[in-house]
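Asker: Dropping a structure here in structure tokens format, bear with me for questions.
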Amino acid sequence: MPTTLRVGPVTRIEGHLDIEVTVDLVNGRQQVVAAKSSGTMFRGFELILKGRNPLDAPHLTQRICGVCPTSHGMASSLVLEAAMKITPTANGRILRNLVLGADFLQSHILHFYHLAALDYVNTTGLLEKSPWVPRYVTPDMIGGSVAANLVNHYVQALDIRRKAHRMGAIFGGRMPCSSSFVPGGCTTTVTSTQVSDFKSLLTEITAFINNVYLPDARALEQAFISYRDVGKGCSNLLAYGVFDQDTAGTQKLLKRGRYTNGANTATLAPTSITEDVKYSYYSSASGLTPASGATTPLVDKTGAYSWIKAPRYERTVHEVGPLARMWVNGDYRRGISAMDRIMARALETQKIAQAMATWVGQLTVGGATQATRTIAATGTGIGWTEAPRGAVGHWVRITNSLIDQYQVLSPTGWNASPRDDLGQPGAIEQALIGTPVADLNQPVELLRVVHSFDPCLACSVHLARPGERARKVVVTA
Ligand code: NI
């Protein structure tokens, strides 16, 4: 007898996501046979940006999300550089990498300890206060001294994250929402004191990654090795690439590319990205590229179930995130699953920390940190980078020196999308199908799959009424 389960809102993610699944007995095993992922809020930043001074974009788009602001700051700086034909200074490029790197480190540590690990650990007797209760407790969870150790590291990770934010703020001005990102570089200066302060914090954070985070992730993988077979999903991966290592942006620490139907491809064509809206609350046309994208909300649209659009590459569903980046870069090829997402994220954290140690040594004390810029009368551009949880793209068109059109395509748009016009379920929806559910009253397995993507709904959608599913909202430019 099929049973419908709804987990909404999913906790320990950024923003508001509802998951609805149908569970049935297949070959003697109770498992998910259908899934719906719904973003229950509207974002609308595209409408806010229209008619603004282009230089507002790095500041305003960082307010899309408190978890990925640095990535939006980077994407909006890159998109304006493309539209206004500005090349960042070497110092400016490196500074932005260091600030974004600091954000990746804190975000990946946050994901492992504070968002994902609690799906696997029985914290009974260890965390008995709000917000850790009520919670699911299932027989397969890690207990005893291993659980106590992980809870200690959970607390330690809070302090390490604080230090990562402090490190980013040295050159970012503040964290989150760096005030220093601009097209052409970074508004901060470089002093030897800043460099040594940054190095000192990075050394401490790197030691935590190497000696605590990675061993804990490996221990979790061994305890839940069966999760290498859960949450496989579409098995297509896409990465815009991030951390430019040269001024032209052609060399990246984590390369651009995709893995589609079993084949690796090193290039991406912007025109191959389209967004369907058949099942999204929008009246704008379906299948538009973000460059010509439109965001016209329609609250009561028949058949729609999400405020997230359905981005596709060549009309094919792709997953984005650390596993996609590490796969495309050739650094991780073990497999695609809920546990592989956790392991690729941990290994990427180590790789980025190592690279940051090199970059900080490449800064020129007292050197120029930003290029001169004039606001172009007209121009178009694409700014592709990565957030900790996957590919972020900004598209702009400037007319009369003002923003005429702006579109943001966030990682959770790719991962948590609803069905597209062809009826193909999104990446998380596909990953949920086949997930075993042992206890219908405690479907923790669903959370393990959803959390492995580290969804950020604030980036994808934005506006709600408390206590209701998304309803009538009027946004005017
Ligand atoms: Ni976000």
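Asker: Percent relative contact order of the chain, based on C-alpha pairs within less than 8 angstrom and at least six residues apart?
Answerer: Contact order relative to length: 26 percent.
Asker: Counting helices only, and only those DSSP H runs with n ≥ 4, report the 222 nm mean residue ellipticity of the chain as the sum of -39,500 (n - 2.57) divided by its residues, in deg cm²/dmol to the nearest 500.
Answerer: On the way: 13 runs with 157 residues, N = 477.
Helix contribution divided over all residues of the chain: -10000 deg cm²/dmol.
Asker: Student exercise: in the stretch 194-343, how many lysine pairs 8 or more apart or on different chains have Cα atoms under 29 Å apart?
Answerer: Final tally of qualifying lysine pairs is 11.
Asker: How much of the calculated P(r) for the stretch 329-422 lies past 23 Å, in percent of all Cα pairs?
Answerer: Working: 2400 of 4371 pairs.
Looking at the stretch 329-422, the distances longer than 23 Å represent 55 percent of pairs.
Asker: Expected output is a single nm value to one decimal: the length gained when fully extending between ASP140 and ASP404, i.e. 0.36 nm times separation in residues minus the C-alpha distance. What is it? Provide the component values of the computation, followed by the final result.
Answerer: Details: separation 264, 0.36 × 264 = 95.04 nm, distance 5.37 nm.
Full extension of this stretch gives 89.7 nm more.
Asker: Membrane-span-like helices in the chain: DSSP H runs reaching 27 Å or more (Cα, own axis), mean Kyte hydropathy at least -1.0? Let's see the in-between values first.
Answerer: On the way: long enough: 90-109 (29 Å, 0.35); 144-172 (42 Å, 0.06); 338-361 (36 Å, 0.16).
Helices meeting the span and hydropathy rule in the chain are 90-109, 144-172, 338-361.
Asker: So what does log10 I(q)/I(0) come out to for the stretch 85-210 at q = 0.16 Å⁻¹, using the Debye formula with one equal point on every Cα and no solvent?
Answerer: -0.80
Asker: Starting from the Cα gyration tensor of the stretch 140-270, take the square roots of the eigenvalues, sort them a ≥ b ≥ c, and report rounded, prolate or oblate (rounded when a/c is under 1.5, otherwise prolate if a/b is larger than b/c, else oblate).
Answerer: On the way: a/c = 2.77, a/b = 1.13, b/c = 2.45.
It comes out oblate by the Cα gyration axes.
Asker: Let me ask something else. Figure the gain on full extension for SER179 and THR203 (residue separation times 0.36 nm, minus the Cα-Cα span) and round it to one decimal in nm. List each step's numbers first, then the result.
Answerer: Working: separation 24, 0.36 × 24 = 8.64 nm, distance 2.47 nm.
Extra length available between SER179 and THR203 comes to 6.2 nm.
Asker: Work out how much length ASP24 to ASN53 would gain on full extension: take 0.36 nm times their residue separation and subtract the Cα-Cα distance, in nm to one decimal.
Answerer: On the way: separation 29, 0.36 × 29 = 10.44 nm, distance 5.36 nm.
Extra length from ASP24 to ASN53 when fully extended: 5.1 nm.
Asker: Pull out a ≥ b ≥ c, the square roots of the eigenvalues of the alpha-carbon gyration tensor of the chain, then state rounded if a/c is under 1.5, prolate if not and a/b is larger than b/c, and oblate in the remaining case.
Answerer: oblate
Asker: Order 84-90, 363-369 from most to least packed using the mean count of other Cβ atoms within 10 Å. Walk me through the numbers before you get to the answer.
Answerer: Numbers: 84-90: 18.4, 363-369: 15.9.
In decreasing order of mean packing, 84-90, 363-369 become 84-90, 363-369.
Since every read-out is calculated from the coordinates, none of them should be taken as a lab result. All of these numbers come straight from a predicted model, not from anything done at the bench. FYI the Cβ positions are ideal-geometry reconstructions off the backbone, even for glycines, and counts take in every protein chain you see.
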